[in-house]
Amino acid sequence: ETPVHAEAMAFLSRVYEERGEFDLAAQSWRRLGETHPRDKQAAVALRHSRELFARLPEAQRPPDPEQLLASIDRLAEGQLWQEIEARLSTLDTLVLPEILVIKIRMKRGAVEVRRGRLTEARVVLQDVLRLYPQGAHLAEAYYLLGTVYQRQNQPANSIQVYEMGLAQPPTVPWTAKTLWALARLQEERQELARAFDLYQRLAQDFPTHEQA
C-alpha cells in the first residue's frame, strides 16, 4: 500500500464525481477505503461513498452481502469502526439465508472482541450459541467466548467454554487456537498434566500451526 496509490484513487473518484458519474465515484471512494484502510483519507472516503450510494436508484446500489461481509476484516486493520458498524447494520436489515445471518452475527462478535468491548462481545456470542446450537460456527464461537471470559479474568468460565469448543469437530484455525489458549491457561494455573496433553494434541493434530 502506498500513499501515492491512495491519492491517485482519490483523484479518480473526484473526477468521476465532477462528471456526474456518481455510481463510479461511489465505487471508487469505497475501493480507496477498503484497499487503504490505514490511510488518513479512508474513513472520509468510506463515509462519502455511503452518501453517494444512498443517492443512487435502488437498482444501482450495492452490494452483495458476501462482499460486504468479506470487507470487514480489512476495515478492522485500519480500526474503521464506524464504517464497520454501518456495514453490519446494513446487513442486519436484509432478509438472508440462515447461514449468512450466522456469519454476520459471528463477525459482529469478532469485531467486538477486537475492539475490546467485552460485554457486548459476550452478549453477541452467547446469543449465537443459544439461537444456533449446531453448525460449523461453533468452534469459532466457543473460542471467541473463551477469549472474552479470559480477558474478563474469569478463568473457570474460560476453561469451561474452551473445553466445549474442543468437543466440536476440528475446525481450522479455531480448534488449534483453542488448544493453544487453553494449554497456556492451564499452564498458568499449574495444571501441568492437562497443559502437556493439550500442547501434545496441538503438535500432533495441527503440526503447521504457528504455535505447534
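The values are calculated or read from the model by the stated rules, or taken from the named source; none is laboratory data. All of these numbers come straight from a predicted model, not from anything done at the bench. Neighbour counts are summed over all protein chains in view; Cβ atoms, including those assigned to glycine, are modelled from backbone coordinates with ideal geometry. Keep in mind that these areas ignore ligands, DNA and RNA; they rest on the heavy atoms of the full protein, side chains included. Shrake-Rupley method; radii C 1.70, N 1.55, O 1.52, S 1.80 Å.
Does Pro97 count as in contact with a helix residue (DSSP H, G or I) (Cβ under 8 Å, 6 or more places away or on another chain) and open to solvent by less than 80 Å² (accessible area, probe 1.4 Å)? Against the criterion (in contact with a helix residue (DSSP H, G or I) (Cβ under 8 Å, 6 or more places away or on another chain) and open to solvent by less than 80 Å² (accessible area, probe 1.4 Å)), Pro97 does not qualify. With respect to Asp39, is the statement that it is over 28 Å from Gly135 (Cβ atoms), open to solvent by less than 80 Å² (accessible area, probe 1.4 Å), assigned to a loop (DSSP other than H, G, I, E, B) and touching a residue at least 24 places away in the same chain (Cβ under 8 Å) true? The answer is yes for Asp39.
Scanning segment 100-147 for residues that are in contact with a helix residue (DSSP H, G or I) (Cβ under 7 Å, 6 or more places away or on another chain), open to solvent by 20 Å² or more (accessible area, probe 1.4 Å) and of a type in the set (Gly, Ala, Ser) yields Ala110, Gly135. Step by step: first the residues of segment 152-168, then only those that are open to solvent by 40 Å² or more (accessible area, probe 1.4 Å) and touching a residue at least 12 places away in the same chain (Cβ under 8 Å), then the one that is nearest to Arg122 (Cα to Cα). Which residue is that? My answer is Gln152.
Only one of these is modelled with pLDDT under 95, open to solvent by less than 70 Å² (accessible area, probe 1.4 Å) and more than 26 Å from Glu112 (Cβ to Cβ): Gly33, Gly78, Gly20. Name it.
So the residue among Gly33, Gly78, Gly20 that is modelled with pLDDT under 95, open to solvent by less than 70 Å² (accessible area, probe 1.4 Å) and more than 26 Å from Glu112 (Cβ to Cβ) is Gly20.
Among the conditions (1) under 17 Å from Asp197 (Cβ atoms); (2) of a type in the set (Ser, Thr, Tyr); (3) not in a helix (DSSP H, G or I), the only one that Tyr162 does not satisfy is (3).
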